[in-house]
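Written below as structure tokens is the structure these notes are about.
The values are calculated or read from the model by the stated rules, or taken from the named source; none is laboratory data. No experiment lies behind these values; they were computed from the predicted model shown. When we count neighbours, we look across all protein chains shown, and the Cβ atoms used for this are built from the backbone with ideal geometry, even at glycine.
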Amino acid sequence: MDVLQHLIVGFRVALEPMNLLLCFLGCLGGTLVGVLPGFGPTAAMALLLPGTFHLSPVSAIIMLSGIYYGAMYGGSTTSILVNIPGETASVMTCLDGYQMARKGRAGPALGMAAFASFIAGTIGVIGLMLLAPPLARFALKFGPPEYFSLMLLGLTMVSYLSQGSMIKAFIMAGLGLLLSFIGTDIISGVSRFTFDFMELREGVGIIPVLMGVFGVGEILSNAEEEMGREVFTQKIKGLLPSLKDWMDSKWALIRGALLGFFLGILPGGGAAIASFMDYALEKRLSKHPELFGTGTIVGVAGPESANNSATAGAFIPLLTLGIPGNAVTALLLGAFMIHGTQPGPLMMQRTPDLFWGIIASMYVGNIILLILNLPLIGMWVRILKIPYPILSPLILLFCIVGAYSLNGNLWDIAIMIFFGVLGHVMRKAGFEGAPMILSLVIGQMFENAFRQSLLIGDGSFLIFIRRPISAALIAISVFLIFTAAFRRKIPQTN
Amino acid sequence: MSASPLNQHDRLSGVIGMLIGLVFCIGSVSLGLGEIHQPGPGFLPFLVGAVLVCLSAIIFIPTLRKEKSVHRQEIGRGLRKYRKGGLIVLALVFYNFCIGFLGFSLTTFLFVVFLIKIVEAQGWTRTLVTALCSAAGFYFVFQSWLMLDLPTGPWGF
């Protein structure tokens, strides 16, 4: 079988000692940032990106991916023990996980979170492995109009799926696009919107913006609210869920894995949305919806499996089309480009060892994470006990070094501070950062595809609806905007 | 009657959004919009800027209808809440300003001392131990191990 042969090649790459070590480090780092509230996988990957410069592309991506799915494991620990989500995809785990901990069942909750993550993570990787090759072949048919329409759909989707107002999310996406236009125009060579700042000619870097919005912004938000952090100090015993727990949650596990995977593939989707939707779904399907929020294990198993398989799904648009669907994969795209490789439909043919190496490393990573999160749970609990006043300066330092290190200039730190304040103010006014980051990253591709399409279509906008794939994608975008105009908001899941 | 906080936010963010959109639209026109079969460097920025103005107007206009006055008192009371955040931003600006000539290690040390001692009001032992460890730890990991070029002071670290 073709896939099997490729996979063997992949495992050969993933099991090289250096790659194995980096996969382990990525998973370890991912769990750590997952456990620490206020410091998510996006910021952590941005920070470690410069550290991967002297690695080979495959090693670099293996480590960075490890951070991504590792954070999904770690986030649940904080949710269950402290009732604060370690990162956004673990918000739903707080609801029942923490209640389980209060009832003395912290052990099974943590255990189920880890097992659910493992099972769904593995299902997700299998899905990725089976779905990516045919999709990549299909994507070979794509020209600039299709890419443009797809990116437009991505931006519409990320706004549609946002928790708050869709108009505000659209404003953020527009702002991100405008930011991406700053700098030298590739086609005409003129400087655009640099306001005579020399430093802006290179454009606004994505890493300083990320560090600002997600790192500094988060710290500033926390500084305004006094956080009641109380770690469960009782000894955690019995990590293995009982047979009844397994029977209760087996279907939730599978549903979570499938739903998460498909929501992960959608442009604009991702782990956080997957866990929100899955919790709502489980509650609706349950015979005892009243138990949700009081510490039912299904409320932990479902969302935790959804957020893990979503990470695998999110790799699909990135690896097959070269288009990131959310902020984290946008960062991974940046990493690919820094290492001189362009993910997309041709990657599987040109660099099969890279493609299959990454996939194989995810299988390996999920096993590493299971070990890290069950026997070593005590270590993570100890880290949670570090007081926040000590932790927050350290997180700020990480952000500073991360913003600075990519280009080694102080201007990037200034940009980070600016976007930190902006990110905080935006959040208070109900604007989310994710659409802005996504459009900032794809902005240049978006504009190039747009201009090339108009050239091909000889100046007619009809080019976007004359080609069937592009027309279908545009139709979905219009449909989404249309339905949203009537609903205004997606219903809050809690 | 006082305006609800979210309403105030909408009013302000609507205005800012419209201004940003407008700046980009005007800038795009001077860059040259080009023609439709050969769009210039200002074409897409102009479109996006215009969309931004419209969307911000949708956010802004409903805030004009109701609740006009804002109680200044409440804003004053809220200011204390912003003290911590303000100090953190101040520390960051200071960091960005000093790192060029004080070097990474000393600036980091001072930065952490300021945040833990003054902003978070922790004890001296805790402050100094964390500051020393973080300055040394970051230097070791990023400069020595990951081989990044952190700025150095006149004393070489």
- request: Hey, could you check region A:444-455 for residues that are more than 9 Å from chain B (Cβ to nearest Cβ) and closer than 15 Å to residue A:267 by Cβ and say which is surrounded by the most Cβ atoms within 10 Å (Cβ to Cβ)?
  value: A:449
Where residue A:359 falls short, out of the listed (1) assigned to a helix (DSSP H, G or I); (2) more than 30 Å from residue B:135 (Cα to Cα); (3) at pLDDT below 90: (3)
field: Output for region B:106-155, where each listed residue is polar (S, T, N, Q) and within 11 Å of another protein chain (Cβ to nearest Cβ)
entry: B:107, B:108, B:122, B:127, B:130, B:134, B:143
task: For residue A:8, indicate whether it is without any contact (Cβ under 8 Å) to a residue 40 or more places away in the chain and at negative phi.
output: yes
statement: Reported set for region A:260-286 where residues are polar (S, T, N, Q) and within 14 Å of the chain's Cα centre (by Cα) is A:275
- prompt: Quick check: anything in region A:128-151 within 14 Å of chain B (Cβ to nearest Cβ) and surrounded by fewer than 20 Cβ atoms within 10 Å (Cβ to Cβ)?
  reply: no
field: Tally of residues being small (Gly, Ala, Ser) and crowded, with 20+ Cβ neighbours inside 10 Å across region A:377-394
entry: 1
statement: When region A:287-334 is checked residue by residue, the ones that are out of contact with any Gly (no Cβ under 9 Å at 6 or more places or on another chain), crowded, with 22+ Cβ neighbours inside 10 Å and outside any loop (DSSP other than H, G, I, E, B) are A:298, A:330, A:331, A:332
query: Which condition number in (1) surrounded by fewer than 24 Cβ atoms within 10 Å (Cβ to Cβ); (2) among the aliphatic types (A, V, I, L, M); (3) touching a residue at least 60 places away in the same chain (Cβ under 8 Å) is the one that residue A:273 fails?
result: (1)
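Just checking, does region A:50-62 include any residue being among the aliphatic types (A, V, I, L, M), farther than 21 Å from residue A:293 by Cα and touching a Gly at 6+ places or on another chain (Cβ under 6 Å)?
yes
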message: Please pick out the residue among A:85, A:17, A:57 that is without any contact (Cβ under 8 Å) to a residue 24 or more places away in the chain and surrounded by fewer than 24 Cβ atoms within 10 Å (Cβ to Cβ).
response: A:17
- request: Return yes or no: is residue B:80 more than 24 Å from residue A:416 (Cβ to Cβ), in a helix (DSSP H, G or I), modelled with pLDDT under 80 and of a type outside the set (Ser, Thr, Tyr)?
  value: yes
task: Report, by residue number, each residue of region B:33-51 that is more than 8 Å from chain A (Cβ to nearest Cβ) and in a loop (DSSP other than H, G, I, E, B).
output: B:33
- request: Out of A:160, A:147, report the one residue that is of a type in the set (Phe, Trp, Tyr) and at pLDDT below 85.
  value: A:160
Options A:401, A:425; residue that is within 11 Å of chain B (Cβ to nearest Cβ), assigned to a helix (DSSP H, G or I) and within 30 Å of residue B:133 (Cβ to Cβ): A:401
statement: Residues of region A:388-398 being closer than 16 Å to residue B:126 by Cβ, facing chain B (nearest Cβ under 8 Å) and not hydroxyl-bearing (Ser, Thr, Tyr), in sequence order, are A:389, A:390, A:393, A:394
field: Residue, nearest to residue A:418 (Cα to Cα), within region B:92-108, restricted to residues that are free of Cβ contacts under 8 Å to residues at least 40 places away in the same chain and surrounded by fewer than 19 Cβ atoms within 10 Å (Cβ to Cβ)
entry: B:93
task: Could you grab the pairs with beta carbons closer than 7 Å, sequence gap of 6+ or different chains, first residue in region A:35-51 and touching a residue at least 40 places away in the same chain (Cβ under 8 Å), second one charged (D, E, K, R)?
output: A:38/A:218; A:40/A:87; A:41/A:87
message: It is to be established whether one or more residues within region A:381-390 are at pLDDT below 85, within 19 Å of residue A:31 (Cβ to Cβ) and in a loop (DSSP other than H, G, I, E, B).
response: yes
query: Looking at (1) within 30 Å of residue A:7 (Cβ to Cβ); (2) among the hydrophobic types (A, V, I, L, M, F, W, C); (3) touching a Pro at 6+ places or on another chain (Cβ under 9 Å), which is the only condition residue A:157 fails?
result: (1)
task: Counting only residues that are farther than 30 Å from residue A:473 by Cα and within 14 Å of chain B (Cβ to nearest Cβ), give me the helices (runs of 4 or more DSSP H) lying completely in region A:179-284 with at least 1 of them.
output: A:206-210, A:217-224
- prompt: Can you pull out the residues in region A:395-416 that are under 30 Å from residue B:7 (Cα atoms) and crowded, with 24+ Cβ neighbours inside 10 Å?
  reply: A:416
field: Selection from region A:473-494 of residues that are small (Gly, Ala, Ser), at pLDDT 90 or above and surrounded by 14 or more Cβ atoms within 10 Å (Cβ to Cβ)
entry: A:477
task: State which residue pairs qualify: first residue at positive phi and inside region A:451-479, second residue aliphatic (A, V, I, L, M) in any location, beta carbons under 6 Å apart, and separation of 6 or more residues or different chains.
output: A:459/B:36
- prompt: Looking only at region B:127-151, which residues are over 26 Å from the mean Cα position of the chain (by Cα) and modelled with pLDDT under 90?
  reply: B:140, B:141, B:143, B:144, B:145, B:146, B:147
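Please verify whether residue A:4 is more than 14 Å from chain B (Cβ to nearest Cβ) and either crowded, with 17+ Cβ neighbours inside 10 Å or modelled with pLDDT of 85 or more (or both), treating the condition exactly as stated.
Answer is yes for this residue.
Name the one entry in A:433, A:420 that is under 30 Å from residue B:126 (Cα atoms) and crowded, with 17+ Cβ neighbours inside 10 Å.
A:420
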query: Considering only region B:113-151, how many residues are assigned to a loop (DSSP other than H, G, I, E, B) and buried (at least 16 other Cβ atoms within 10 Å of the Cβ)?
result: 6
